[in-house]
Structure formats: C-alpha cells, structure tokens
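Report on one structure; see the data block that follows.
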Amino acid sequence: MNILFLTAYAPVLRMHGGGVRMYHNIRILSERHSVHVISFVENDEERRLLTDVGAICESVTAVERVPDFRPHWLSVKPFLVREFSTPAMYRAVDHALRTKRVDVIQCEYLQMAQYRRPGPFSILTIHEALSSNAYKTFQKAAPAERFRHFYRWMSILNYEIGMCNRFDRVVAMTKEDADYLRSYAHRAAIRDIPIGIDSAYFRPSAEETERLVEVLFIGNFRHAPNVEAADFVLKEIAPHFADLRFVIAGSHVPATLPALPNAVFPGYIADTRKLFHSPNTIFIAPLFSGTGQRVKLLEAFAMSCPVITTRLGALGFPILNGEQALVAETASEFRAALDRLLSSPALRVRIGNEARKMIVQRFDWATFGREFLALVGRATSPFPGYVPLPSDFCKVAHYRYTHA
C-alpha cells in the first residue's frame, strides 16, 4: 500500500520523544509498504536531519512552518490549527494525493488532522490528549484568567473530539488517554499503542559502582511540563542535597531556572546514553502536567537506572511503586525517595534491573511493530470488538470501488 505520513514535527531521532516514535513508525511501515513523508520543519537544521528519514522510506518532503498569527475573532477553532495551517502544506498534501495512489493517510498530532482528505483510509495519532491538558490549565488558572482558559479548553475539546470522530482510526499513547478520548468521542475507533524503544541500543554498560552518584533529568524545555519539572527539582530537591550533583540536560533551557552550585546544564546531548551510569545515575522526573508517554523514562528504564517519578509520569508503564520505580507526588516524598536510593546501592541495582526487564519484555519496538503493521493492514476492516458504523461500511465500499 501507499501511505502518506504527515507530521507536525520532524520525525527524527534524538530531538524529542514524538520524533523517536514517528521515526520508528515510518521505519516499520516501510518494511512492507511505500511510505511518503511530508513534515513541517522550523529551520535548516531540522531540514538537514530530515534527509536521514529518506533512507528508510520512499520519499520525504520538508515544508517550512509559517504560523498564522493574525486575529480570527469569529473562529471557533483553537490556535493550534492556524499555527500549523500553511498553504505550502496544503499544496504538498494535494500534490501527493494527485500523483500517488494513496491508500492510507496518517496524521501525526492533532495539529495535522486538518489535512485529512476523503477517500484514503485515515489514521490520527494523538501524542497527547490536548483537551485534557487544557482542562487542567483551566483548573489552575487565576480568577482573572479563568474565562480565557475555559474558552481555550472548550475550543480544543470540541476540535479534538470532532476530529477523532472523523478519522477511521485513532491511536493514543496510553490506555488512560484512549479511555479519556473514548469518553467524549463515542463514534471513534480508538486504541492505544505505546511508544517502544530499541533495547539493544539503549542498554547499560558494565556497572559503574565506583562512580559518584548523581541525579539526572532530561527534557526538551520548549515543552512546559519539562520546565515545570526542572524548576521543581532545582527549588524543592537540589537545595536539600548540597553535596549531590544534579544534571539538567536538554535544549532550550529557559533563563528562569534557578542556578545552583550543585546543578549543571550540559545542554542538548545527541547521544543520551552518555548521561546514564547504572546504578549510580538516579533519574528524577517530577512530572505534574501533560499526558501521553514519556520517552525519557523509556530510556532511563532501558539503561537500568533507578527512577523516581509521579503517577502521571508513569502513565503507560505497568509500574509497581518500589519495584520498577519509586513513585512520589510531593516535595517531601521526592526527597524521601531520593534518600532511600542514596543510602542503598542494592536498592538502586534492584529497581534498575526490574525496570530494564519490564522494557525488554513489553516495550521493545519488535512488539509494537506488529501493531503498526496491523493498524494499516486493517484499512478495510474494524478493530476486533469494534462495532462498525454505517459510515464505516460506506468507507469500505468506496475504498474497494476506487482500488478495484
């Protein structure tokens, strides 16, 4: 089959979690099908990185993203639609549909749902349930800001649910996100396919028991939950462990983060494996907002490093507190969990080993590869257990007629 794969961000490795998932999704689909990628890029560096994707698929087209910042007072669509709506992308999509016999159109991120076209079987990947995030922002808003955030929440919810109902299949990263979307989008066929990892590539070297223990957090700081997490680490945890080094790694570090004598900011690290030194790297992820699955945790687990995170951060992983990770919700709980790990090398080793075992058994790309292929392979049949709607039968009839 010919698959048109549309991405809001560059589907490349070592930039952000969504890019990792998209890269491997493209790679796996290309083993059986012809995949044509059209991706937004923001700069020449992303355009250059995108050429690497050309080695694993049929074709790659880069489109510079030029957001529309003009006021649209009467529009009920959220700003994320205009932010990713450019004439160049519309032309690229329409050209691909005219010149290639497209069987499946797969839109990555809600921002790309606007490029769905009637005819091809359609798949929408929801990397995060954005309306859930908007609702939580509304809940926390100051009284003077509540109406604005309420309107934003309603706008995103209406758009997200409407688009879920329009696509033939919707994929979420976690069971929690899938259940949330189903609670609103009653007509949508939604399933969860988590993010995987190459467990042979991300694997610990020999244990570095002589190395000094340090605490690590990694994130792309253009993503607000990562800024919130790093700020929490530097204000609520690091000052209480003056002799312990805290490494805050990632690109676009904001100047608002506190500078502490025991904290270092190495910036963007292309090969994050260099940051993990099992069992003496303790990965800390105080994530209190955002949805979806966290690639940073996949990497830490695969590298056999002990992890402290929140229940929200652990979504998508079958974690038992004290087994594959330590779970904390407050500053005092995070400090107590860190104390436990610092005082017990054996606990660090045990938790790290259990975490890696979980990754190898349940999150290797070989497992999810079969699900990606099955997803597009069911272009004319619903998921098991899904009761088809009349519109589904119309879609099947149209597909068979046009591809006869």
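The values are calculated or read from the model by the stated rules, or taken from the named source; none is laboratory data. Treat the numbers as computed from the prediction; the structure is a model and nothing was measured. Glycine gets a Cβ as well: all are built from the backbone with ideal geometry, and neighbour counts include every protein chain shown. For the accessible areas, the whole protein counts, side chains as well, though only heavy atoms, and no ligand, DNA or RNA atoms are used. Shrake-Rupley method; radii C 1.70, N 1.55, O 1.52, S 1.80 Å.
The Cα center of segment 39-53 and the Cα center of segment 98-139 differ in position by 20 Å. Please report the carbon-and-sulfur percent of the accessible area for the chain; probe 1.4 Å, protein heavy atoms only, DNA, RNA and ligands left out. With neighbouring chains kept in place, the figure for the chain is 55 percent. Shape class of segment 296-342 from the Cα gyration tensor (axes a ≥ b ≥ c, square roots of the eigenvalues): oblate, since a/c reaches 1.5 or more and a/b does not exceed b/c.
The region of the chain that goes longest without hitting one of the GluC sites (Glu not before Pro) in a DSSP loop, each with at most 11 other Cβ atoms within 10 Å, is 211-404. Calculated FRET efficiency, Lys77 to Thr137, Cβ-Cβ distance, R0 = 22 Å: about 0.75 to the nearest 0.05.
Listed by chain and number, the lysines placed with their C-alpha closer than 26 angstrom to that of Lys136 are Lys77, Lys175, Lys235, Lys296; residues fewer than eight positions away on the same chain are left out. Coupling constants for segment 264-270 follow from the phi torsions by the Karplus curve (6.51 cos²θ - 1.76 cosθ + 1.60, θ = phi - 60°), and in residue order they are 10, 10, x, x, 6, 10, 4 Hz; glycine and proline get x.
Backbone amide hydrogens, once placed in the peptide plane, bring Val63 within less than 5 Å of Ser39, Phe40, Val41, excluding anything fewer than 5 places away on its chain.
Full extension of the chain between Thr256 and Ala224 yields a length gain of 10.3 nm, computed as 0.36 nm times the residue separation minus the alpha carbon distance.
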